[in-house]
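Engineer: Have a look at this one before I ask anything.
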Amino acid sequence: MTTRVPSRFGSDLIVDLFKALGVEYVALNPGSTFRGIHDSIVNYGGNSHPEVIECNHEEIAVAIAHGYAKASGKPMVAMAHNVVGLLHSSMAIFNAWCDRVPVVVMGGTGPMDTTKRRPWIDWIHTALVQGNVVREFVKWDDQPASIEAIADSILRAWRIAITEPQGPVYICFDVEHQEAELPSSIKLPDMSGYTPPTTLYPDPGKLEEVARWLVGANSPVIIADRMGRKAGAVEALVKLAETLAAPVIDKSGCLNFPSNHPLDLTGADVELLGNADVILALDVDDLFGSLHRVEIQGRKFTPVLSKQAKVVHISLKEQFIRGWATDFQQLPKVDLPIAGDSVAALRQLLPLCQQLLQKQTSGKRKKFIDRQATLKNKHEEMRKAWRQQAEAARNNSPISVPCLAAVLGDVIKDKEWVLVNGSLGGWPRRLWNWEKPGQFLGDAGGGGLGYGPGASVGAALAYRGSGVLCIDLQPDGDFMFCPQALWTAAHHQIPLLFVLDNNRTYLNSENHQASIARQRGRQIENRLIGTEIDKPAVDFKGLARSLGIHADGPIEKPGDLSAALKKAVRVVLEEKRPALVDVHTEKPVGRGGPLQSYSG
Ligand SMILES: Cc1ncc(C[n+]2csc(CCOP(=O)(O)OP(=O)(O)O)c2C)c(N)n1
Ligand SMILES: [Mg+2]
């Protein structure tokens, strides 16, 4: 007797929905609880829209989706096998949560119907319910209870993830539903009815007040953090800053303001804020921290602002706060908190400010022109001093971080590039021209190590085929959590330049150990125990080559750096393959550690 094989299955519907939503990629490490979806992507969907991106760890799969979303502005899907895969992916989901990035995580579960379970494995890998593992740091999670409920769950998850403030979501599909015949009565919904809601517009009356404050101010300052991710944001901010002759401090959650614009005063924060009378903050993640000087030893916070300064914060942050992780940060004192889309706000503020400015006396207009000139001088002085500092450290061996930034900057200056991860202590921003929106994608968001390799592969995946040079300035410690992401880049031919900032240590942690030993009058020399990544030094070239990518290094002498970087750039751009250059970097005192800032 032959058994009839159904022509379509529940998981085929899931793939039809992926296609309808425009999902380009599904990053996964395989697992039996979603073998139905895996089969449907490959055999029913033809492994195109979506295409499988194979990963060797679920943390990498989610980080890839995180990097991809930041680079492309849209989500892809990361799959996580039941319980174990989801547990592995949870760190990366937390990073996406803190970073407010739409990452759609999906997984499977052994049959919820206990009579259908295989012995042992289906029991250890089934939970009531899996979403509990990540519920505190996703916007929404779901486990549809029937095939009929699948479409609603996917469309809702997608919509929730991309609605501002954006964030990760998780859906779990029962294997029974994935592998059961799809009833012919279930049709693909009309997608046009499920677009996300329009953005939240700020209160126009409040914006008029902001415009009056800004135009009337003697020393206005603009602080922007995660605003630059939105379409049109950088252009709108440049226009407003120029109209007001106001300096901008870019908190670098992404690229918010061109680093070579004369009004970019990033780095002069304390001086500017100390003299400011009106502060316009735009999507600032930690506004309290931005307005205070932090003294670590006593855990003291000193306000930087004068008592008379007025603070406006335009953000959607408060629409989306949970009780578990306190990533909402310390409560800042804000004179005019405005809920709404910051780009929409800037577009409304600009004409309001222009109208008010037209009514200004010529004396007041002259003040604007003088302010613009003073700020330009200050900007140029700062850039010049940074170039001199980098020059002074040009011959250090191991290679100084400013020197690495300077040499790489020279190698790439005529290319179209995106810095997908890593900030080298701020040096690339100080030395290079960061001009184009999206040219820097920010960090992990949640401070969880292991983000860089996967997120960079994800961002480069979004740029695959574009000819744009994607660069990951990759610290060694973060790299060592997930180096196997290199294999995914090689396997899927994703061009990407990894430049390893290899100081052979968890420097942030080394500095913490030095600091606490000093505080306690103990032996600072012991700071390397449990913090160095040395003895043996990791053979990153060998590691990278074993994973199938071009590799060079360790580069010890500044004189060897340019040639190695140029060669790797050629491999990436001409051969369209990933490449890694291992650069042995110097340990600058205090960088990233408690001697300068309280992090890690
Ligand atoms: C998952 C995780 N584990 C541990 C830490 C604590 N931590 C913060 S920074 C840091 C050192 C990072 O070293 P590396 O990536 O090499 O950067 P470096 O400080 O050397 O510039 C550590 C261990 C963390 N943030 N995340
Ligand atoms: Mg390091």
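The values are calculated or read from the model by the stated rules, or taken from the named source; none is laboratory data. Because the structure is predicted, anything quoted here is derived from the model rather than measured. Glycine gets a Cβ as well: all are built from the backbone with ideal geometry, and neighbour counts include every protein chain shown. Calculation scope for accessible area: heavy atoms of the full protein, side chains included, ligands and nucleic acids excluded. Shrake-Rupley method; radii C 1.70, N 1.55, O 1.52, S 1.80 Å.
Engineer: Can you tell me how many residues in segment 385-405 are open to solvent by less than 60 Å² (accessible area, probe 1.4 Å) and under 13 Å from SER562 (Cα atoms)?
Structural biologist: 4
Engineer: Follow-up. For segment 498-536, give me each residue that is under 25 Å from THR488 (Cβ atoms) and either touching a Phe, Trp or Tyr at 6+ places or on another chain (Cβ under 6 Å) or more than 12 Å from ligand 1 (Cβ to nearest atom) (or both).
Structural biologist: Hits for segment 498-536 are PHE498, VAL499, LEU500.
Engineer: Among the candidates LEU419, LEU349, LEU408, which residue alone is open to solvent by less than 50 Å² (accessible area, probe 1.4 Å) and not in a helix (DSSP H, G or I)?
Structural biologist: The unique qualifying residue is LEU419.
Engineer: Next question. Condition first: surrounded by fewer than 20 Cβ atoms within 10 Å (Cβ to Cβ) and either hydrophobic (A, V, I, L, M, F, W, C) or touching a strand residue (DSSP E or B) at 6+ places or on another chain (Cβ under 7 Å) (or both). Now tell me which residues in segment 254-268 satisfy that.
Structural biologist: Residue satisfying the conditions is ALA268 alone.
Engineer: A further question follows. Can you find a residue in segment 288-308 that is over 25 Å from the mean Cα position of the chain (by Cα), touching a residue at least 12 places away in the same chain (Cβ under 8 Å) and part of a helix (DSSP H, G or I)?
Structural biologist: no
Engineer: Within segment 269-287, which residues are assigned to a helix (DSSP H, G or I) and out of contact with any strand residue (DSSP E or B) (no Cβ under 8 Å at 6 or more places or on another chain)?
Structural biologist: Residues satisfying the conditions are GLU271, GLY274, ASN275.
Engineer: Which one of LYS333, LYS364 is free of Cβ contacts under 8 Å to residues at least 60 places away in the same chain, part of a helix (DSSP H, G or I) and over 22 Å from LYS139 (Cα atoms)?
Structural biologist: Residue meeting the stated conditions: LYS364.
Engineer: Which of the residues belonging to segment 309-328 are over 28 Å from the mean Cα position of the chain (by Cα) and not basic (Lys, Arg)?
Structural biologist: The answer is ALA309, and nothing else.
Engineer: With the requirement that a residue be more than 19 Å from GLU586 (Cβ to Cβ), within 13 Å of ligand 2 (Cβ to nearest atom) and buried (at least 24 other Cβ atoms within 10 Å of the Cβ), what does segment 462-514 give you?
Structural biologist: Matches in segment 462-514: none.
Engineer: Identify the single condition in (1) modelled with pLDDT of 90 or more; (2) in contact with a helix residue (DSSP H, G or I) (Cβ under 8 Å, 6 or more places away or on another chain); (3) open to solvent by 50 Å² or more (accessible area, probe 1.4 Å) that SER315 does not satisfy, given that it satisfies every other one.
Structural biologist: (3) is the only condition that SER315 fails.
Engineer: When you scan segment 525-536, do you find a residue that is open to solvent by less than 20 Å² (accessible area, probe 1.4 Å), more than 30 Å from LEU573 (Cβ to Cβ), part of a strand (DSSP E or B) and within 10 Å of ligand 2 (Cβ to nearest atom), even just one?
Structural biologist: No, segment 525-536 has no match at all.
Engineer: Testing ILE471 on (1) β-branched (Val, Ile, Thr); (2) more than 18 Å from the chain's Cα centre (by Cα); (3) farther than 14 Å from ILE64 by Cβ, one condition comes back false. Which one is that?
Structural biologist: (2)
Engineer: Could you tell me which of the residues GLY458, GLY467 is on the phi > 0 side of the Ramachandran plot and in the same structural domain as LEU424 (by TED's automatic domain parsing)?
Structural biologist: Just one listed residue meets the conditions, GLY467.
Engineer: I need every pair where a residue in segment 504-525 that is closer than 26 Å to GLU556 by Cα has its Cβ under 9 Å from the Cβ of a residue that is among the aromatic types (Phe, Trp, Tyr) and open to solvent by less than 50 Å² (accessible area, probe 1.4 Å), sequence separation at least 6 or different chains.
Structural biologist: none
Engineer: Next question, about the same structure. Residue by residue through segment 269-285, note down the ones that are in contact (Cβ under 8 Å) with a residue 60 or more places away in the chain and open to solvent by 10 Å² or more (accessible area, probe 1.4 Å).
Structural biologist: ASP277, ASP285
Engineer: Is it fair to say THR198 is open to solvent by less than 50 Å² (accessible area, probe 1.4 Å), over 16 Å from MET106 (Cα atoms) and β-branched (Val, Ile, Thr)?
Structural biologist: no
Engineer: With GLY438, GLY447, GLY458 as the choices, which residue is more than 9 Å from ligand 1 (Cβ to nearest atom) and in a loop (DSSP other than H, G, I, E, B)?
Structural biologist: After applying the criteria, what remains is GLY438.
Engineer: Evaluate the following for ALA92: is it part of a helix (DSSP H, G or I) and either open to solvent by less than 10 Å² (accessible area, probe 1.4 Å) or within 16 Å of ligand 1 (Cβ to nearest atom) (or both)?
Structural biologist: Answer is yes for this residue.
Engineer: Scan segment 105-163 for residues that are aromatic (Phe, Trp, Tyr) and either under 26 Å from the mean Cα position of the chain (by Cα) or open to solvent by less than 30 Å² (accessible area, probe 1.4 Å) (or both) and report the count.
Structural biologist: Count: 3.
Engineer: Which of the helices (runs of 4 or more DSSP H) contained wholly in segment 1-76 include at least 2 residues that are open to solvent by 40 Å² or more (accessible area, probe 1.4 Å)?
Structural biologist: Here the list reads 10-21, 35-39.
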